[in-house]
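Worksheet: the structure to be examined is printed underneath.
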Amino acid sequence: METISYILKSAAILGFFFFVYRLFLQKETFFKANRFFLMFGLVASLFVPAIVFTRTVYKKALDLSHLNLNELETNTEIPSEITHFDFWQLALLIYILGCVVMFFNFLRKFYTISNFILKNKKIDQAGFRYIHINGLKTPFSFFNYIVFDPGQHSSKELQMILNHEQAHAKQLHSMDMMLMQLMLVAQWFNPFAWLYKKSLEQNLEFLADASASKNSENVKLYQLTLVKAATFAAAPALTHTFYHSFTKKRILMLNKKSSSSLNQLKMLLILPAIAVFLYSFNVRENVTYQTKVSPKITDGVTQDQTDKDGFKTTEISKATAISTSSTASPQKVMTSEKNNSDNNVGGKAFQKIIPNTATKAEIETIAADLKENYDVILKLNSVFYNTSGEIIGINLEVKDLVGNNQNSYSVNQTKGISEIVIFRTEEGQFGITSATNKVVQGNGAITDSDERRAEMQERREEMRREAETRREEMMKNIEQREAEMQKRSDEMRRQMEERRNERRRRRANNTQDSAAKFSLDNALYILDGEEVSEEVVNKLNPEKIESVNILKGKKAQALYKDKAEGKSGVIIITTKVE
């Protein structure tokens, strides 16, 4: 169950990073910062679920000091064990099988590209290893290996492609993709992990485009080279290719104005999400139950501490006080003892209570304490829990080495069992039993445990009041967080509206510049099938343009014959139908 919990928490953290990137960072041009953010998300999804904060809560324990355990009924019947179907074990098995399939698929891809690189001749130049493959339609790179066909491209186009793939190699983009592939092995079931991979891949292409366009003499020619690859062939897995299906996005990002560095502060939006996640799922309560007792003197030394409620936690040499911790519900492990006189041959009197929510580790702690301080061996043969963490089946054996007594305790049922008591009386009687058995009071009369039930009822009422108080505090915290989130949401909407207005103003101011992009010296202009002047085109609203095609040379002569003669080219503009 803990493994499944960790896996689901890891998937949730990755989802948080994906949503923050998709909503606030994807359209920004600080690609290096975005790369760091996405890679940090991969690392955080592995380590953040393992961070656990602990807070200690002190509570009053049941006072069992008045009980006389001389005549407790011991349970020695061992019913047949019940096999319980565990859904979480089945889920974990399915998850592991999926991981195995994904891992072997990853190895297959890695072997394919490695084998391809090893069997082809390589040319070393300036720290890169070039591989020429005739007939290769899609150039690609893998670490510092760049694979391409020189005959498929003109010299200028080839140089642009090489600049792009060299940027991938220099910036170690293949390392990012390898780590992402390994994350998919662990989170194959998480749809956000696959979308995360796509976003990571797009950002790496934006990075390479930005670097290549800076080294290109003609940025427009670089964009035309991208457009030329509207139809592309598939490249091997785990590699970076110049041609992608999201070419339009790449061109838009190349022409986009650089984002303000202040926009990088939007990355900090991930911090509140992680904080709420840790507070909700990774805060573990360390509950210490205190009993109201009188201080005991051992070897002439009295050690006791008093809390604010007047309950004392007394520390006694050769005695162990045990507290437990849990992320789900408080556990109870209580220790009480009665000191015998030095000449008591039955050994030191004690009683140990195993709560119905004790873990295996806690039972082993009790067993170690029994063996060290009371010469009692406690053996746990089996234990079963329900989904609430309560014990529903257990098989125990206890042996008193002082009196050479041995008992066993076994129970299997569909609901949580009662607390289990292991005891030794001052007279040397030893046993193990359920805490719901009848007890002998101090006056020796046999009565039902009415007083115990009354104490339990009082304790339940106290726990109910505490739960109600915590619930009210939690609701207040939730309301405060909702108000804060609403405030941040309104602020972000306001900022987005301001950015939209700013873009509208820029489009209005740049209408002339946008229209001028379609102009060529001494060109023939065709607007919706009719020849128009350059002045008409310059006055055209770019938002009404649906498509622009540029024809030169023989294609222009073939379509427009005499009209295109003496012209540098033909610009065909089609407007949107209103």
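The values are calculated or read from the model by the stated rules, or taken from the named source; none is laboratory data. Keep in mind that this is a model prediction, so the values were computed, not measured. With ideal geometry, Cβ positions are generated from the backbone for all residues, glycine too; neighbour counts draw on all protein chains shown. Just the protein is used for accessible areas: all its heavy atoms, side chains included, with ligands, DNA and RNA removed. Shrake-Rupley method; radii C 1.70, N 1.55, O 1.52, S 1.80 Å.
Does N373 satisfy being open to solvent by 20 Å² or more (accessible area, probe 1.4 Å), in contact (Cβ under 8 Å) with a residue 24 or more places away in the chain and within 21 Å of T436 (Cα to Cα)?
Taking the combined requirement at face value, the residue does not satisfy it.
Being hydrophobic (A, V, I, L, M, F, W, C) and either at positive phi or not in a helix (DSSP H, G or I) (or both) is the filter here, so list the residues in region 364-379 that pass it.
V376, I377, L378
Residues that are out of contact with any Pro (no Cβ under 6 Å at 6 or more places or on another chain), among the basic types (K, R) and more than 14 Å from Q351 (Cβ to Cβ): list the strands (runs of 3 or more DSSP E) wholly contained in region 389-430 that include at least 1 such residues.
391-400
Pairs, please: C-beta under 8 Å, at least 6 apart or cross-chain, first residue touching a residue at least 40 places away in the same chain (Cβ under 8 Å) and of a type in the set (K, R) and in region 125-142, second open to solvent by 20 Å² or more (accessible area, probe 1.4 Å) and part of a loop (DSSP other than H, G, I, E, B)?
K137/F232; K137/A233
For region 391-414, does any single residue satisfy the condition of being among the small types (G, A, S) and modelled with pLDDT under 85?
yes
Confirm whether G416 is open to solvent by less than 50 Å² (accessible area, probe 1.4 Å) and on the phi > 0 side of the Ramachandran plot.
no
Is at least one residue of region 465-474 open to solvent by 70 Å² or more (accessible area, probe 1.4 Å), under 16 Å from V276 (Cα atoms) and not β-branched (V, I, T)?
The answer is yes; a qualifying residue exists.
So N70 clears everything in (1) within 25 Å of Q351 (Cα to Cα); (2) modelled with pLDDT of 95 or more except one condition, right? Which one?
(2)
Has region 342-354 got any residue that is surrounded by 18 or more Cβ atoms within 10 Å (Cβ to Cβ), part of a helix (DSSP H, G or I) and modelled with pLDDT of 85 or more?
no
Select from region 7-28 the residues that are surrounded by fewer than 17 Cβ atoms within 10 Å (Cβ to Cβ) and of a type outside the set (A, V, I, L, M, F, W, C) and write down the one among them that is nearest to the chain's Cα centre (by Cα).
R22
Just name the residue that is least open to solvent (accessible area, probe 1.4 Å) out of those in region 160-199 that are of a type in the set (K, R) and within 21 Å of Q26 (Cα to Cα).
Applying the filter and picking the extreme gives K197.
Can you pull out every residue in region 396-407 that is open to solvent by less than 20 Å² (accessible area, probe 1.4 Å) and under 44 Å from the mean Cα position of the chain (by Cα)?
Residues satisfying the conditions are L396, V398.
Can you tell which of R481, R488 is modelled with pLDDT of 80 or more, touching a Leu at 6+ places or on another chain (Cβ under 9 Å) and either open to solvent by less than 100 Å² (accessible area, probe 1.4 Å) or not small (G, A, S) (or both)?
Going through R481, R488 in turn, the sole match is R488.
Would you please name the residue that is farthest from I545 (Cα to Cα), looking only at residues in region 565-578 that are at pLDDT 80 or above and aliphatic (A, V, I, L, M)?
Per the stated criteria, the residue is V570.
If we keep just the residues of region 494-524 that are at pLDDT below 60 and either of a type in the set (S, T, Y) or not in a loop (DSSP other than H, G, I, E, B) (or both), which is least open to solvent (accessible area, probe 1.4 Å)?
A515
Do the conditions hold for Q457, that is, is it modelled with pLDDT under 85 and either in a helix (DSSP H, G or I) or within 47 Å of the chain's Cα centre (by Cα) (or both)?
Considered against the rule, which asks whether it is modelled with pLDDT under 85 and either in a helix (DSSP H, G or I) or within 47 Å of the chain's Cα centre (by Cα) (or both), Q457 comes out as yes.
Which residues, taken from region 150-159, are surrounded by fewer than 16 Cβ atoms within 10 Å (Cβ to Cβ) and among the charged types (D, E, K, R)?
K156
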